1. Does the range 259-293 hold any residues that are in contact with an Asp or Glu (Cβ under 8 Å, 6 or more places away or on another chain) and under 19 Å from residue 84 (Cβ atoms), and which are they?
2. May I ask you to list pairs of residues, at least six apart or on different chains, whose Cβ atoms are under 8 Å apart, with the first in the range 208-220 being assigned by TED's automatic domain parsing to the domain that holds residue 180 and the second being small (Gly, Ala, Ser) and assigned to a helix (DSSP H, G or I)?
3. Of the residues 279, 288, 284, which is crowded, with 22+ Cβ neighbours inside 10 Å and out of contact with any Lys or Arg (no Cβ under 8 Å at 6 or more places or on another chain)?
4. Among the residues of the range 71-94, count how many are out of contact with any helix residue (DSSP H, G or I) (no Cβ under 7 Å at 6 or more places or on another chain), assigned to a loop (DSSP other than H, G, I, E, B) and of a type in the set (A, V, I, L, M, F, W, C).
5. What do you reckon, is residue 246 outside the structural domain of residue 88 (by TED's automatic domain parsing), in a loop (DSSP other than H, G, I, E, B), at pLDDT 95 or above and farther than 26 Å from residue 417 by Cα?
6. Which of the numbered conditions does residue 386 fail, given that it passes all the others? Conditions: (1) on the phi < 0 side of the Ramachandran plot; (2) in contact with a Pro (Cβ under 8 Å, 6 or more places away or on another chain).
7. Could you name every one of the strands (runs of 3 or more DSSP E) located completely within the range 338-415 that has at least 3 residues being in contact with a helix residue (DSSP H, G or I) (Cβ under 8 Å, 6 or more places away or on another chain) and crowded, with 17+ Cβ neighbours inside 10 Å?
8. Return the residues of the range 422-447 that are touching a strand residue (DSSP E or B) at 6+ places or on another chain (Cβ under 7 Å), in contact (Cβ under 8 Å) with a residue 60 or more places away in the chain and closer than 12 Å to residue 465 by Cα; say none if nothing qualifies.
Amino acid sequence: MTEELLTSQTSILGDPWIPIYRKSVDFGANHFESAMSNIIKEPNINSTVIMRADILKENIYDPKHGDTMFVSKLIHQTPEFPGSENTQDEVLHRDLHDVEIREIPNNGGLQLTKKCELVRRIIPRNPFKDHIINQTCLVLTGEDAVLVVYIPHIATKEEIPFYLPPVYGIGILYHKGQVSIHYLPFDEPGSTTEHDLLKSMPAAERPIRIAYRLLETSSKHSGGVKSGYEKRVNHDLVVPKIEFQNRYISLKKKYSSKLVNEWCESTDPKKHVFEDLAIAAFLIEYWILKKYNKDEFEFRDLGCGNGLLVYILNMEGYRGKGIDARARKSWAIYPEEVQQNLLEQIIVPSVLLKPHPAVSKMDPNIQDNGRRFKQIDKSESGVNVSFHTSESLLHSPKVCTTDEFPPNTFIIGNHSDELTCWIPLLGFPFIVIPCCSHALNGAKMRYPPRKAPTNTPQNSTYASLVDHVEDLSILMGWKVEKEMLRIPSTRNGAIMSNERIQPFQQEPEEIKQMRVLDIIAMEGGAEGWVENSMKLMTKEPRNH
C-alpha cells in the first residue's frame, strides 16, 4: 500500500487532468463513497484551518427512487459573526453570490455517471485571515469506480485561499482497488504553463504535500467504514453548530490574543483560553435559544477557578459572579468591575446547615441544625483545633450556601470537581461540565457504569460520571439535555436544564428539600463535606 507519485504519467481521467498520487487499498467502492460523502460535509477532516462547511444546495440523481433537490436558506445569506461589526478587520470572502454548480471535463476511459452535486460554503476557523469561499462538490460513479471532485468558485489561481491547493479542481478517484489524487490546473485554453509546472513539481512542494494528505485521509476514513467504525459522539444536539461556531469565531477574535499574551497562571494559556471561549459561546447561544434576556437573569459560576469564563460573559454583557475557595493570580488582571464579581468563598449547600423541614414546620424559630464541624490547622507552632457551628457558617461571609442567589439565577459548573454532583440539587437551572469524579461528601468517587446490553462496550469512568450527573438531575425533576461540547478537552460532556418537568414545577419548597435529603441519603450521605470544603481554602488550586 505504498504511495506512488504519478506526476510524470497521464491521468486516467484524461486531459487536462494531472495525476499526483496513487496507492492500492483493501476496501471497496461503496466504502470509499460512504467515507467521502461524510468528508464532503465535514471538510475540517482534511484541514485544521477549516471549521465547517454549510451545504447551500444539493442535487441527488437516483434512477430508482427519483431525483431530489435541496436548497438551504443560507444560500443568499452572508455569514454573520456576532460582534464582528465592532472590529477593525473585515470578514474575508470571495464571490459568495456565485452558487452555480461547476462541471468538469471527463475525457478519460472511465464511464462515469453523475450521482450527486452540491455547493458548500467553507468557513475557515479565522475568517478574518482566511477567505470564506463557495465550492462545488461532485460525486460520479461507474463500474467499480467513484470520483469525488472539488471545484472552488474562484476566478484565478491567485485568489485560491491558503487552505486549498492552487488548482482549478481536485479529483479523488477510487478505481479497482486503488485510490488516486488528480489536479485540474487553471490553464487557459492553449496554455501549458500550469500543466508543466505541476508535472515537474517536487514532492516537497506544498500542492503535492496537500495531495498526499488527501490521499491518506480518504484512504483512512474509507478503511474505517469497511471495519464498521461508527461515530460514538454526536455534537450539536442542543445548540446548532452554525450559531455556536459563528459566536466562537467572534469571541476568539475579540479576546484570545489579549488573554493568551497576558496569561499569568502556570497552566497552558491556549488550552484554557480557547476552551473557555468555546464554553462561553455555547452558553450565550444556549441562553438565546432558551429565550433568556441578559437583563433578566444572573449566572453563578461555582468553582470558577481562574475566572476566565466570568470575565468573558461579563464583558459580553451578562450579569453574574464566580465563586471559588481560593483566589487566582488571573483575577487581578481583569477589569475592576469583573474583579468585584469574583468571590473567594467555600460552597456549603444550606441543606447541610439548616434544620430538617419537619423540624422547621414544628418550630419556625429554629434556623439551623445545631451541628458543629471540626477544623484542624497545622502550623510551625503546632496543631490548632477549632470548631464551626451551622449557625456561624450560615452567617459567614466566607461561606456561600446558594440560598443568597437571586431566584433568576443560572448555575454554571465548568469542571467544578467536588461540586459536580451537587449542582443539579441546588434548585436552579444549570449546566454541568463534569471533570473529576467526587461524591456528595467531597471524597473521590468512581461511579459504576450503567448496565449495557450484551456485547456493548462498557462506559468509561468519565462517561459513568456524566451519566450519574444526568441521573441525579432526573431525580430532581429536571428536563435534561446532553451535549458533547466542541472544546479542546476530552472531558467535554455537558448536562443542562432550564426547566423542570411536570408535576415538579409546582412542588412546595418543603417537598424539594425532602427530595434533596433523600438523594443525599441514597448517595451515602454528605458527612465530611463541610470539613473537606474548608480544607480547600488552604490547598493549592488544581491545574485544570
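The values are calculated or read from the model by the stated rules, or taken from the named source; none is laboratory data. Note that the structure is a prediction, hence the values are computed from the model and not measured. Cβ: placed from backbone, ideal geometry, glycine included. Neighbour counts: every protein chain shown.
1. 280, 282, 284, 285, 288
2. Within 8 Å, the pairs are 218/35.
3. None of the other options fit; the residue is 279.
4. Here is the first cut: in the range 71-94, the residues out of contact with any helix residue (DSSP H, G or I) (no Cβ under 7 Å at 6 or more places or on another chain) are 71-78, 85-86, 88-90, 92-93.
Okay, now just the ones that are also assigned to a loop (DSSP other than H, G, I, E, B), so 72-78, 88-90, 92.
In the following step, the residues that additionally are of a type in the set (A, V, I, L, M, F, W, C) were identified as 74-75, 92.
Counting residues in the range 71-94 that are out of contact with any helix residue (DSSP H, G or I) (no Cβ under 7 Å at 6 or more places or on another chain), assigned to a loop (DSSP other than H, G, I, E, B) and of a type in the set (A, V, I, L, M, F, W, C) gives 3.
5. Details: outside the structural domain of residue 88 (by TED's automatic domain parsing): yes; in a loop (DSSP other than H, G, I, E, B): no; at pLDDT 95 or above: yes; farther than 26 Å from residue 417 by Cα: yes.
No; evaluated as a whole, the condition is false for this residue.
6. (2)
7. Counting at least 3 such residues, we get 409-414.
8. Answer for the range 422-447, where residues must be touching a strand residue (DSSP E or B) at 6+ places or on another chain (Cβ under 7 Å), in contact (Cβ under 8 Å) with a residue 60 or more places away in the chain and closer than 12 Å to residue 465 by Cα: 432, 433, 434.
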